[in-house]
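The values are calculated or read from the model by the stated rules, or taken from the named source; none is laboratory data. Here the structure is a predicted model, which means the values were calculated and not measured. When we count neighbours, we look across all protein chains shown, and the Cβ atoms used for this are built from the backbone with ideal geometry, even at glycine. Quick note on the areas: whole protein, heavy atoms, side chains included, nothing else; ligands and nucleic acids left out. Shrake-Rupley method; radii C 1.70, N 1.55, O 1.52, S 1.80 Å.
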Amino acid sequence: MDTSLFDTVFRDEQGEIVIAQPPNLPLSIWIGASLLEFVFSEGPIHETLEIVAFASIIIWSLQELLDGVNYFRRGLGFFVLVSILTSKILSVAT
């Protein structure tokens with residue numbers, strides 16, 4: 001059976017198309033910490049939430065990059081990892 005590029009990129013091992021999934025623990029933590037950063041907009045709680053959010057999105061992106069169910073999810077993990085690290089490097093440099 002021939003598989004198309006679409007199948008190779010977007011289908012998992014069971015043949016299902018997977019673009020989005022329910023959030024796993026690191027992504028849920030990132031969402032929660034990021035939302036709480038708006039509530040606690042300064043001070044040590046904000047700084048702690050910023051670190052937690054950063055660490056959790058890095059963990060999520062590495063999990064997707066290394067164990068994503070298809071090439072799209074792995075590419076998404078790579079894109080998020082590069083974007084987050086670039087953003088952090090640029091914010092420290094300025």
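Taking the Cβ of PRO44 as the centre, find all other residues whose Cβ is under 14 Å away and add up their charges (Lys, Arg: +1; Asp, Glu: -1).
Summing Lys/Arg as +1 and Asp/Glu as -1 gives -4.
Going from most exposed to least, what order do ASP2, ASP7 have by accessible area with a 1.4 Å probe?
The ordering from most to least exposed comes out as ASP2, ASP7.
With every protein chain present, what accessible area does ILE89 have (1.4 Å probe, heavy atoms only), rounded to the nearest 10 Å²?
ILE89 exposes around 110 Å² with every protein chain in place.
Relative to the longest principal axis of the chain, what angle (0 to 90°, nearest 10) does the C-alpha long axis of helix 71-93 take?
Helix 71-93 and the main axis of the chain meet at about 20 degrees.
For the chain, what is the calculated [θ] at 222 nm in deg cm²/dmol (nearest 500), taking -39500 (n - 2.57) for each run of four or more DSSP H residues and dividing by its residue count?
-24500 deg cm²/dmol
Rank these residues by their accessible area, most exposed first, probe 1.4 Å: THR3, THR94.
Highest to lowest solvent-accessible surface, that is THR94, THR3.
Evaluate the relative contact order of the chain (contact order divided by residue number), counting alpha-carbon pairs under 8 angstrom at least 6 apart; express in whole percent.
Worked out over the chain, it gives 27 percent.
Roughly how many Å² of ASP12 are accessible to a 1.4 Å probe, to the nearest 10?
Here the accessible area works out near 30 Å².
Take GLU42, GLU50 and sort them by solvent-accessible surface of the protein heavy atoms, 1.4 Å probe, largest at the top.
Per-residue accessible area, sorted high to low, gives GLU42, GLU50.
Just the accessible area per residue of the stretch 46-94, please: how many Å² with a 1.4 Å probe?
63
Which entry in (1) 7.7; (2) 7.3; (3) 10.5 is this structure's computed mean projected area of the Cα convex hull in nm²?
Among (1) 7.7; (2) 7.3; (3) 10.5, the one derived from this structure is (2).
Karplus couplings for the stretch 32-49 from phi (6.51 cos²θ - 1.76 cosθ + 1.60, θ = phi - 60°), rounded to Hz, Gly and Pro as x?
x, 5, 5, 5, 5, 4, 6, 6, 9, 7, 7, x, x, 5, 4, 4, 5, 5
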